[in-house]
């Protein structure tokens with residue numbers, strides 16, 4: 001009984017009571033703050049389906065992603081002549097992916113400038129078959145050849161939109177290239193030269209005979 005009285009007397013002390021209540025409130029506040037911080041940091045239970053922003057312009061895509069709690073970022077540029085400048089070509093993660101709030105979404109947007117590629121050493125360096133194979137392997141488009149006098153199937157030059165381009169020059173990757181190719185068979189050329197030489201020799205001989213006959217007369 002004596003102990004109970006002492007406890008009651010102790011509890012009646014206002015200063016001690018306030019201290020006990022303050023400690024209890026402090027502990028509760030620390031627990032609540034820790035639980036809230038953990039929830040914010042881990043985004044526990046908060047899942048978001050990534051919206052489809054492809055084909056949108058950059059500003060609209062940013063607004064749509066930020067509206068649902070995601071962080072849009074332009075990671076790369078590409079080129080598609082059928083789409084407007086600044087339109088979103090690709091997104092990662094793709095539309096429909098389930099992610100946590102605050103996740104970064106990487107976008108590839110359409111560039112204003114067409115990408116260009118350096119023309120390899122084609123002119124006066126290979127035949128038409130090798131040239132077409134090399135150019136197509138690099139992604140170039142090759143149109144019908146333009147033929148000129150010269151060694152058969154030898155590439156004498158390359159044209160892009162009617163203009164001659166040189167080895168190492170940068171040209172749009174989707175431009176159609178025209179190969180300037182020789183169309184004269186070397187053996188045929190030699191035969192023609194021999195025939196011309198024989199005709200000239202024959203004419204020269206006839207002229208000589210005529211001059212001899214004239215002198216004799």
Taking a label point 7 Å from the Cα of residue 170 along Cα-to-Cβ, the residues of segment 108-128 whose backbone nitrogen sits under 16 Å from it are 111-120
Largest-first semi-axes in Å of the equivalent ellipsoid built from the Cα gyration tensor of segment 18-135 are 55, 16, 11
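Here, each number is a calculation from the coordinates, and none is a lab measurement. If you're wondering where the values come from, they're calculated on a predicted model, not measured in any experiment. In this analysis, Cβ positions are derived from the backbone assuming ideal geometry, glycine residues included, and neighbour counts consider all displayed protein chains.
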